[in-house]
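J.: Got a structure for you, questions after.
The values are calculated or read from the model by the stated rules, or taken from the named source; none is laboratory data. Nothing here was measured: the structure is a model prediction, and the numbers come from that model. For neighbour counting, all protein chains shown are included, and Cβ atoms are generated from backbone atoms with ideal geometry for every residue, glycine included.
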Amino acid sequence: MPVLTPRRALTSLIIIGAAISSCPPAVAGPLGGTAHAVTGAGSAPSTTSLAAGSASSAVAAAFLRQAGLAARRSQRATRVPASVTLAQAILESGWGQSRLAVIDRNYFGIKCSPTGDYGPYATGCHRHPTTECDSRRCRRTTALFRAYRSPVDSFKDHGRFLASSARYRAAFAHTADPDRFARKIAKAGYATDPGYPAKLIKLMRTYDLYRYDR
């Protein structure tokens, strides 16, 4: 995983911002992307491969300023709380600095399906290292993840996946309660990391991501 200095990270985020800003406003489509090992259109990581940790104030502000636009568009199109989308993007991509985010613009760790399908927004599949957990232990392995033309397409795919999957339908009864929404998608199998919902909620509270829901 390449380690980006704050200057390089900000440069990457400026590029992301340009892509988001040039994207026309969403009217009636999803805007984000992640899932777990499911059949059909795609699947996401069974656990996060990167610890988001904390970011410098400059990197965090730049990331949220740009990703916040995409998360809000996703919320309008799919009803996925923007705060949850942002927390997942931070956790899965390490503030946009993970190898998967830098190389393939994949901010949510969405995998290709077992049959190689990569859905309507990705451009293909690339193999990356990841961590998978079961009830006994976690182990390092590799998996095929979706590659995107732009970060915007990654956000679109995330929203589409959650909103279109019957697996996560119960979570949409709690779109006004982001913490509960996060717990529900985790319980439905979004990630095998048992601490996944707690990590999302900690990020939402630490950085007041709830303000993006308004």
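J.: Mind checking which residues of the stretch 117-148 are farther than 21 Å from Leu86 by Cβ, basic (Lys, Arg) and touching a strand residue (DSSP E or B) at 6+ places or on another chain (Cβ under 9 Å)?
T.: Residues satisfying the conditions are Arg127, Arg139, Arg140.
J.: Give the residue, chosen from Thr206, Thr141, that is of a type in the set (S, T, N, Q), closer than 17 Å to Ile90 by Cα and surrounded by fewer than 16 Cβ atoms within 10 Å (Cβ to Cβ).
T.: Details: Thr141 fails: closer than 17 Å to Ile90 by Cα.
Checking each option against the conditions leaves just Thr206.
J.: Can you tell me which condition Ser135 does not meet? The list is (1) assigned to a helix (DSSP H, G or I); (2) closer than 29 Å to Arg205 by Cβ, and all the others hold.
T.: (1)
J.: Please enumerate the residues belonging to the stretch 164-187 that are surrounded by fewer than 24 Cβ atoms within 10 Å (Cβ to Cβ) and in contact with a Lys or Arg (Cβ under 7 Å, 6 or more places away or on another chain).
T.: Within the stretch 164-187, Ala170, Phe172, His174, Thr175 qualify.
J.: Taking the stretch 194-203 on its own, how many of its residues are surrounded by fewer than 20 Cβ atoms within 10 Å (Cβ to Cβ) and either among the hydroxyl-bearing types (Ser, Thr, Tyr) or touching a strand residue (DSSP E or B) at 6+ places or on another chain (Cβ under 8 Å) (or both)?
T.: Residues in the stretch 194-203 being surrounded by fewer than 20 Cβ atoms within 10 Å (Cβ to Cβ) and either among the hydroxyl-bearing types (Ser, Thr, Tyr) or touching a strand residue (DSSP E or B) at 6+ places or on another chain (Cβ under 8 Å) (or both): 1 in total.
J.: Please give the number of the condition Ser154 fails out of (1) in a loop (DSSP other than H, G, I, E, B); (2) hydroxyl-bearing (Ser, Thr, Tyr); (3) modelled with pLDDT of 95 or more.
T.: Unmet condition: (1).
J.: If only one of Pro114, Pro178 is over 24 Å from Phe63 (Cα atoms) and out of contact with any strand residue (DSSP E or B) (no Cβ under 7 Å at 6 or more places or on another chain), which one is it? Break it down into steps so the answer makes sense when it comes.
T.: On the way: Pro178 fails: over 24 Å from Phe63 (Cα atoms).
Exactly one residue qualifies, and that residue is Pro114.
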